[in-house]
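A quick write-up on the structure given underneath.
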Amino acid sequence: MSQFKFSAGPWNVHEGADAFGPKVRPSIPIAEKISTFKDIGLDAVQFHDDDAVPEMNNLSDKQIIETAKEMKNLLDSHDLAAEFVAPRLWEDSRTVDGAFTSNSKSDRDYAIWRAFRSIDIARALGTDKIVLWLAREGTLCYESKDPVEGPKHIIDAINKMLAYDQGIKILIETKPNEPIDRSYCPTMGHAMAVSSATNDPSRVGGLLETAHAVLAGLDPASEIAFALAFGKLWSVHLNDQNGLKYDQDKTFGVENLRQAFNQIRVLVDYNYGQNGEYIGLDVKAMRTQKVEVSYRHLENSMKIVKMLEAKAKKFDRDFQKKCVAARDYEALEMYVLELLMSS
Ligand code: XUL
Ligand code: MN
């Protein structure tokens, strides 16, 4: 029996388009995705604001809340929760130069409007978690923005969101690049620092995505551990990434099994989930995958998490202590590899 609850977003079942080719699979309506999420064993759904409320820019504040309530009814009918809502601050033409950190004041105002609506949507869906993936908060041309003002704009925006709703929590999803070249919030250390500079650090935490840590040249398990050390790991996006390439969102564990094991081990050791946190999967099916099997990457990721959870629970802590006492780390390392390769 797993200690974990799992979530995924509708974007994790996609049509296979990439930067160099069009869609290769038909679109699946969101209601069908949600129903299948339940069938494959997920407990919750992650939302971008406009996954829950399409075309929200053209709706009144009241209509946005009403539409979100319809989504809540759909979730309830499948006994699924909403994990979080993330404002989609990277597609509208007003976010072309960033959202909270745009050089244009009216663009920054639009970003705050969108962030407030995401909070309304989250409340209607029954969650208090808002994820900020700061997609375009940084620079394409380094000299185009003031690098000291950038982080201050982010802190300002978070303060406005905290004041708008005294009960919500903000989870900063760190990522060093893509679509931006240089991000203002690339690592968990940056997220924790931003948190400490806000008006209520107790309501600003982190979400660590495996692939994003790898893209920063960092170890995902250590990034997870760093946020845990601050009591601020409020979600994870487990997936995998083959080195410093484009953002791959591969099935969890398929590229670096030992690194995956150590992510699960630290989550097991620190009883992740005890406050209702989910293991979020932010995985994408390969472009080559056919539509009939376009949930397999989610099913496989969950299976691999559970298999590694069993390995983490089997991990012989007495043997570890002996190796540490003797400072025989070669023996410890071999033990870990044998544990992972044994049946
Ligand atoms: C982008 C990414 C997003 C966020 C949600 O790399 O991971 O899907 O998780 O906005
Ligand atoms: Mn993610």
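Quick note: the coordinates plus some simple rules give every number you see, no bench work behind them. For clarity, every value in this text was computed on a predicted model and none was experimentally measured. Positions of Cβ are backbone-derived with ideal geometry, glycine not excepted, and every protein chain shown enters the neighbour counts.
Go through (1) more than 13 Å from ligand 2 (Cβ to nearest atom); (2) under 16 Å from the mean Cα position of the chain (by Cα) for residue 217 and report which single condition fails.
(2)
Looking at (1) more than 30 Å from residue 116 (Cβ to Cβ); (2) touching a residue at least 40 places away in the same chain (Cβ under 8 Å); (3) outside any loop (DSSP other than H, G, I, E, B); (4) charged (D, E, K, R), can you tell me which one residue 25 breaks?
In the conditions (1) more than 30 Å from residue 116 (Cβ to Cβ); (2) touching a residue at least 40 places away in the same chain (Cβ under 8 Å); (3) outside any loop (DSSP other than H, G, I, E, B); (4) charged (D, E, K, R), residue 25 misses (3) alone.
This table checks each residue for (1) loosely packed, with under 14 Cβ neighbours inside 10 Å; (2) within 23 Å of residue 240 (Cα to Cα); (3) not hydrophobic (A, V, I, L, M, F, W, C).
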site	(1), (2), (3)
302	no, yes, no
305	no, yes, no
311	no, yes, yes
315	no, yes, no
318	yes, no, yes
332	no, no, no
336	no, yes, no
343	yes, yes, yes
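Can you name the condition, by its number, that residue 142 falls short on among (1) out of contact with any Gly (no Cβ under 9 Å at 6 or more places or on another chain); (2) of a type in the set (Phe, Trp, Tyr); (3) buried (at least 21 other Cβ atoms within 10 Å of the Cβ)?
(3)
Would you mind stating whether residue 222 is of a type in the set (Gly, Ala, Ser) and in contact with a strand residue (DSSP E or B) (Cβ under 8 Å, 6 or more places away or on another chain)? Reasoning before the result, please.
Numbers: of a type in the set (Gly, Ala, Ser): yes; in contact with a strand residue (DSSP E or B) (Cβ under 8 Å, 6 or more places away or on another chain): no.
Taking the combined requirement at face value, the residue does not satisfy it.
When the residues of the stretch 224-257 are narrowed to those that are crowded, with 18+ Cβ neighbours inside 10 Å and of a type in the set (S, T, N, Q), which ends up farthest from ligand 2 (Cβ to nearest atom)?
The residue in question is 256.
Any idea which of 122, 81, 115 is surrounded by 21 or more Cβ atoms within 10 Å (Cβ to Cβ), out of contact with any Pro (no Cβ under 6 Å at 6 or more places or on another chain) and among the aliphatic types (A, V, I, L, M)? Steps first, please.
On the way: 81 fails: surrounded by 21 or more Cβ atoms within 10 Å (Cβ to Cβ); 115 fails: out of contact with any Pro (no Cβ under 6 Å at 6 or more places or on another chain).
Going through 122, 81, 115 in turn, just one is surrounded by 21 or more Cβ atoms within 10 Å (Cβ to Cβ), out of contact with any Pro (no Cβ under 6 Å at 6 or more places or on another chain) and among the aliphatic types (A, V, I, L, M): 122.
Since residue 40 meets every condition but one in (1) surrounded by fewer than 22 Cβ atoms within 10 Å (Cβ to Cβ); (2) in contact (Cβ under 8 Å) with a residue 60 or more places away in the chain; (3) under 20 Å from residue 117 (Cβ atoms), which condition does it not meet?
Going through (1) surrounded by fewer than 22 Cβ atoms within 10 Å (Cβ to Cβ); (2) in contact (Cβ under 8 Å) with a residue 60 or more places away in the chain; (3) under 20 Å from residue 117 (Cβ atoms) one by one, residue 40 breaks only (3).
Inside the stretch 267-294, can you point out the residues that are crowded, with 19+ Cβ neighbours inside 10 Å and either closer than 17 Å to residue 311 by Cβ or away from ligand 2 (no atom under 16 Å from the Cβ) (or both)? I'd like the intermediate steps shown before the answer.
Just the residues of the stretch 267-294 that are crowded, with 19+ Cβ neighbours inside 10 Å, to begin with: 267-268, 272, 277-285, 294.
Within the stretch 267-294, 267, 268, 272, 279, 294 meet the criteria.
Those residues that are farther than 18 Å from residue 169 by Cβ and within 18 Å of the chain's Cα centre (by Cα), I need them from the stretch 263-285; list them, please.
Once the filter is applied, which keeps residues that are farther than 18 Å from residue 169 by Cβ and within 18 Å of the chain's Cα centre (by Cα), the stretch 263-285 yields 263, 264, 266, 267, 281, 282, 283, 284, 285.
With the structure loaded, tell me whether residue 123 is in a helix (DSSP H, G or I), touching a residue at least 40 places away in the same chain (Cβ under 8 Å) and within 23 Å of residue 281 (Cα to Cα) or whether it fails that test.
Details: in a helix (DSSP H, G or I): yes; touching a residue at least 40 places away in the same chain (Cβ under 8 Å): yes; within 23 Å of residue 281 (Cα to Cα): yes.
Judged against the criteria, residue 123 is a match.
Take the residues in the stretch 1-37 that are within 16 Å of ligand 1 (Cβ to nearest atom) and charged (D, E, K, R), then tell me which one is surrounded by the most Cβ atoms within 10 Å (Cβ to Cβ).
Checking each candidate, the answer is 33.
Condition first: buried (at least 24 other Cβ atoms within 10 Å of the Cβ) and more than 30 Å from residue 104 (Cα to Cα). Can you find one or more residues in the stretch 187-210 that meet it?
Yes.
Say whether the condition of being under 30 Å from residue 293 (Cα atoms), aliphatic (A, V, I, L, M) and not in a strand (DSSP E or B) is met by at least one residue in the stretch 98-120. So that I can check it myself, show each step before the final result.
Step one: of the stretch 98-120, the residues under 30 Å from residue 293 (Cα atoms) are none.
Checking the stretch 98-120: not a single residue is under 30 Å from residue 293 (Cα atoms), aliphatic (A, V, I, L, M) and not in a strand (DSSP E or B).
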